[in-house]
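First up is the structure itself, then whatever we jot down about it.
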Amino acid sequence: MTSPRALAGALALAVFVFPCAAPAAQRRPAPRPSVSYAAPAGNLPAEHLRGAAYDAVLPSGRIVTPAGTSVLTGMNVLGVALTPDGRYAVVSCDDEREGLVHSLLDSGATGGFALDVVDVASMRVVDRYRATGDERFWVGVVALADPRDPARTLVLASGGPANAVYAFDLDAGGHLTPDAQHIVSTPGPIDPAFADEGHSYPGTIVLSADGRRAYVVNEAAGSVSAIDTATRTLSGPPQKVGFFPFGAALAGDRLVVSDEGLMRYANLAQPAPVPPFRNAAADLEHASALSFVGLAPSGDLSALP
């Protein structure tokens with residue numbers, strides 16, 4: 001027989017113990033949700049999306065659906081610049097291997113090196129300047145009011161493997177013609193021990209704030225050159241930067257250059273049946289970096305103090 005005092009103690013113990021059990025259950029770790037990864041396109045192949053001209057499935061599985069109106073230009077587009085009045089876009093088409101290939105959407109669009117001019121109001125290509133002779137194009141293109149005649153538009157396009165920058169006149173109808181001073185050659189390395197001897201490979205072009213200078217990044221030469229846009233000639237000596245430079249941007253009285261970093265190609269002392277591959281040693285001087293180039297009041301390049 002249980003006494004009233006013992007029964008009261010048991011009830012008190014139950015009240016004391018059971019409320020404490022709930023927080024212990026709440027501290028139990030929640031199960032982690034399952035996470036799965038899949039391409040947005042699912043199993044769709046990389047091609048035009050559902051027959052659309054400009055919508056596509058990329059090899060990565062992502063889907064591209066451009067907004068607004070699209071226009072077909074030449075192949076391997078790597079650079080574009082708007083004219084000062086915003087009327088035209090000059091596009092650098094840099095496909096060096098497929099010059100005879102024509103697009104199925106527009107037979108006028110081909111491979112090969114070319115500069116295409118797009119009327120941005122109508123989104124139509126109004127001119128295609130195809131490289132002739134030794135002309136090549138690579139990444140860099142700018143359009144500015146010609147310092148000789150501000151009513152005219154001057155276009156500068158980098159030539160990459162041609163080791164030159166090309167100057168063009170753009171008329172009111174959007175047609176390009178070679179400038180009277182068409183070719184501005186940029187100097188390359190002169191060490192015969194390396195395969196880059198004589199190759200400057202000009203790429204990115206950045207304009208000064210007043211448009212009187214154009215700064216050209218020489219990828220193979222590891223330097224930047226300044227071009228006087230009025231005379232279409234080099235202004236001052238090139239300024240060395242980091243190894244294998246590519247991008248550049250104006251920052252006040254300095255030019256900021258991004259250096260990708262890459263091993264330099266040395267010539268073999270004699271032919272070898274098998275390339276002497278080996279692991280490269282650490283080399284901080286040739287690593288990825290940012291370089292800062294000073295700009296003099298004249299706009300020419302200068303070494304920073």
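The values are calculated or read from the model by the stated rules, or taken from the named source; none is laboratory data. Computed from a prediction, not measured in an experiment: that's the story for all the values here. Cβ placement follows ideal geometry from the backbone for every residue including glycine, while neighbour counts extend to all protein chains displayed.
When D300 is tested against the conditions (1) over 28 Å from D94 (Cα atoms); (2) modelled with pLDDT under 95, the lone failure is (2).
With (1) farther than 25 Å from F168 by Cα; (2) among the basic types (K, R); (3) modelled with pLDDT under 90 as the list, and R62 as the residue in question, which single condition is left unmet? Here R62 clears every test but (3). Note on the range 251-263: residues that are surrounded by fewer than 18 Cβ atoms within 10 Å (Cβ to Cβ) and more than 16 Å from the chain's Cα centre (by Cα) total 6.
When the range 45-85 is filtered for residues that are within 20 Å of the chain's Cα centre (by Cα), closer than 22 Å to T153 by Cα and not small (G, A, S), the ones remaining, listed by number, are T73, V77, L78, V80, L82, T83. Regarding D106, is this residue at pLDDT 95 or above, over 22 Å from the mean Cα position of the chain (by Cα) and assigned by TED's automatic domain parsing to the domain that holds D169? No, not satisfied. Output yes when any residue across the range 57-64 is in contact with a strand residue (DSSP E or B) (Cβ under 9 Å, 6 or more places away or on another chain), assigned to a loop (DSSP other than H, G, I, E, B) and not assigned by TED's automatic domain parsing to the domain that holds F137, and no when none is. Within the range 57-64, one or more residues are in contact with a strand residue (DSSP E or B) (Cβ under 9 Å, 6 or more places away or on another chain), assigned to a loop (DSSP other than H, G, I, E, B) and not assigned by TED's automatic domain parsing to the domain that holds F137. Do we have G236 as buried (at least 18 other Cβ atoms within 10 Å of the Cβ) and in a loop (DSSP other than H, G, I, E, B) here? When the stated conditions are applied, G236 does not pass them. For the range 47-65, a tally of residues being surrounded by 14 or more Cβ atoms within 10 Å (Cβ to Cβ) and β-branched (V, I, T) returns 2. For the range 210-227, the count of residues that are surrounded by fewer than 15 Cβ atoms within 10 Å (Cβ to Cβ), farther than 30 Å from R128 by Cβ and modelled with pLDDT of 95 or more is nonzero. Of the residues that make up the range 30-45, is at least one modelled with pLDDT of 75 or more, surrounded by 11 or more Cβ atoms within 10 Å (Cβ to Cβ) and among the hydroxyl-bearing types (S, T, Y)? Looking for residues that are modelled with pLDDT of 75 or more, surrounded by 11 or more Cβ atoms within 10 Å (Cβ to Cβ) and among the hydroxyl-bearing types (S, T, Y), one finds none in the range 30-45, hence no. All of (1) on the phi > 0 side of the Ramachandran plot; (2) surrounded by fewer than 12 Cβ atoms within 10 Å (Cβ to Cβ) hold for E285 with one exception: (1).
Residues in the range 171-195 that are under 30 Å from G294 (Cβ atoms) and either of a type in the set (S, T, N, Q) or buried (at least 18 other Cβ atoms within 10 Å of the Cβ) (or both): D179, Q181, V184, S185, T186, G188, P189. Each residue in the range 252-269 was checked for being of a type in the set (D, E, K, R) and either closer than 19 Å to G198 by Cβ or assigned to a strand (DSSP E or B) (or both), and 3 of them qualify.
When G261, G242 are checked against the criterion of being closer than 26 Å to W138 by Cβ, in contact with a Ser or Thr (Cβ under 6 Å, 6 or more places away or on another chain) and without any contact (Cβ under 8 Å) to a residue 40 or more places away in the chain, a single residue qualifies: G261.
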